[in-house]
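Here is the structure we will look at, set down as structure tokens.
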Amino acid sequence: VQLQASGGGLVQAGGSLRLSCAASGGTFSRRAMAWFRQVPGKERDFVTAITRNGGFADYADSVKGRFTISRDNAKNMVYLQMNSLEPEDTAVYYCAAAPTTFWTANSATSIDYWGQGTQVTVSS
């Protein structure tokens, strides 16, 4: 599976961005999908994930109520709508594909495909 993330940019605090991740070359519709983010010098952190059919989504506490993950299996796309952005959200955002249809607390360790990352910068 090849993943191509896009939609990052510079936004003021309180603003919104929508990230997109296009998947190709694999069984996208059979996989749970996720977004992670990473700042320089720190580990890559889980942001959100969505099950194969979009019926369940999980969110990091830091983004609950502000971010929404969604997917369109017909288009092989996954999205991350980010609202009420804060400077602490500044990071490189990565989309990821899990080898399972579901998502659990352990799924982050089984990610087998990563996108190239897109930079999100939130100014104060």
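Compactness check for the range 37-92: Cα Rg over 2.2 N^0.38 Å is 1.21. Excluding ligands, DNA and RNA, the accessible surface per residue across the range 11-124 is 50 Å² with a 1.4 Å probe.
Can you list the trypsin sites (Lys or Arg not before Pro) in the range 1-87 that are in a DSSP coil and have 16 or fewer other beta carbons within 10 angstrom?
Numbers: sites: ARG18, ARG30, ARG31, ARG37, LYS42, ARG44, ARG52, LYS64, ARG66, ARG71, LYS75; in loops: ARG31, LYS42, ARG44, ARG52, LYS64, ARG66, LYS75.
In loop regions of the range 1-87 (DSSP not H, G, I, E or B), the sparsely surrounded trypsin sites (Lys or Arg not before Pro) are LYS42, LYS64, ARG66, LYS75.
Diffusion coefficient of the chain by Stokes-Einstein, Kirkwood radius over Cα pairs, 4 °C, 1.567 mPa s: 91 µm²/s. Placing pseudo-labels 7 Å out from each Cα toward the beta carbon at THR68 and ASN106 gives an inter-label distance of 3.3 nm.
A straight line joining the Cα centroids of the range 44-71 and the range 87-104 runs 8 Å.
Just how large is the dipole of the chain about the Cα centre, in debye to the nearest 20, putting +1 at every Lys and Arg Cβ and -1 at every Asp and Glu Cβ?
Numbers: 11 positive and 9 negative charges, 75 e Å.
Once rounded to the nearest 20, the dipole reads 360 debye.
I want to make sure I understand the PRE zone here: with the label point 7 angstrom from the Cα of ASN53 toward its beta carbon, which residues in the range 66-100 have backbone N atoms less than 14 Å away? Hits in the range 66-100 for ASN53 at 14 Å: 73.
Taking the range 60-124 on its own, what percent of its Cα-Cα pair distances exceed 19 Å? In whole percent, the share of Cα-Cα pairs in the range 60-124 beyond 19 Å is 41. Between the listed residues SER16, VAL122, THR104, the Cα displaced farthest toward the positive end of the dipole of the chain, a dipole computed from Cβ unit charges relative to the Cα centre, is found at THR104. When the solvent-accessible area of the chain is split by element, carbon and sulfur atoms take up 47 percent of it, the probe being 1.4 Å.
Given the alpha-carbon gyration tensor of the range 6-55, what are the semi-axes of its equivalent ellipsoid in whole angstrom, ordered largest first, with each equal to the square root of 5 times an eigenvalue?
Working: eigenvalues 113, 44, 27 Å².
So the equivalent ellipsoid measures 24, 15, 12 Å along its semi-axes.
The values are calculated or read from the model by the stated rules, or taken from the named source; none is laboratory data. Since this is a predicted model, take the numbers as computed values, not measurements. All Cβ positions, glycine included, derive from the backbone under ideal geometry; neighbour counts span all protein chains shown. Areas reflect the complete protein model, heavy atoms only, side chains present, ligands, DNA and RNA absent. Shrake-Rupley method; radii C 1.70, N 1.55, O 1.52, S 1.80 Å.
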